[in-house]
Amino acid sequence: MAARFGKLAWLWLSLIVIAADQISKHWFVSHLDMYEQIVVIPDLFSWTLAYNRGAAFSFLANEAGWQRWFFAVIAAAVSIILVVWIKRLKSNERWLAIALALVLGGAIGNLYDRVVLGHVVDFILVHWKTQWYFPAFNIADSAITVGAVMLALDMFRGNKPADSNTTGAQSNE
């Protein structure tokens, strides 16, 4: 399969992210009221239900509604670019393929919410007692974050040879 589809075979990872994201969001929407919290780790981690009509950290959430379609168009365009990028990867760029597949799955998971529901469903809440709260997020956001960190690490890694037997030594022939 990998030979036939090349790096597009990594799209299975995007599909897993989308499925896990949508199934979890559906569960929380069905089982929690808005802002209800289920404490998982006291003073640190809870499940909650929140809707985000904006982007990361509720950016533009209070606008009149145009931001829904603005962010949807951006997510769709980025998704197309990511698929093309994955398709063009070389066979030794597995790390990059995984990173891009994670970002793609997260982008599509949130895109679905934005287009179908008009908002993104968030349910993971990290906090310190009642003094500090990180904005609620979801599995799609987590996949995007992990993929972005992997992309950054890949940039720092540079274009090193895929062959681990390469030592950089030159022969004197």
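What are the residues in region 111-130 that are buried (at least 17 other Cβ atoms within 10 Å of the Cβ) and outside any strand (DSSP E or B), if any?
L111, Y112, D113, R114
Please verify whether I16 is closer than 17 Å to T145 by Cβ and modelled with pLDDT of 95 or more, treating the condition exactly as stated. Quick ask: steps written out before the conclusion?
Values: closer than 17 Å to T145 by Cβ: yes; modelled with pLDDT of 95 or more: yes.
When the stated conditions are applied, I16 passes them.
Can you name every residue in region 18-57 that is aliphatic (A, V, I, L, M), in contact (Cβ under 8 Å) with a residue 24 or more places away in the chain and not in a helix (DSSP H, G or I)? Walk me through it before giving the result.
We begin by selecting, within region 18-57, every residue aliphatic (A, V, I, L, M); these are 18-20, 23, 29, 32, 34, 38-41, 44, 49-50, 55-56.
So of that shortlist, the ones also in contact (Cβ under 8 Å) with a residue 24 or more places away in the chain come out as 18, 20, 29, 32, 44, 49-50, 56.
L32, L44, L49, A50 - these are the residues of region 18-57 that are aliphatic (A, V, I, L, M), in contact (Cβ under 8 Å) with a residue 24 or more places away in the chain and not in a helix (DSSP H, G or I).
Exactly one condition in (1) without any contact (Cβ under 8 Å) to a residue 40 or more places away in the chain; (2) under 16 Å from the mean Cα position of the chain (by Cα) is false for A140; which is it?
(1)
Between I74, I86, I108, which is assigned to a helix (DSSP H, G or I), within 30 Å of R157 (Cβ to Cβ) and modelled with pLDDT of 95 or more? Even if it seems obvious, please write down each step before you answer.
Working: I74 fails: modelled with pLDDT of 95 or more; I86 fails: modelled with pLDDT of 95 or more.
Checking each option against the conditions leaves just I108.
The values are calculated or read from the model by the stated rules, or taken from the named source; none is laboratory data. From a predicted model like this one, the values you see are computed outputs, not experimental measurements. Cβ: placed from backbone, ideal geometry, glycine included. Neighbour counts: every protein chain shown.
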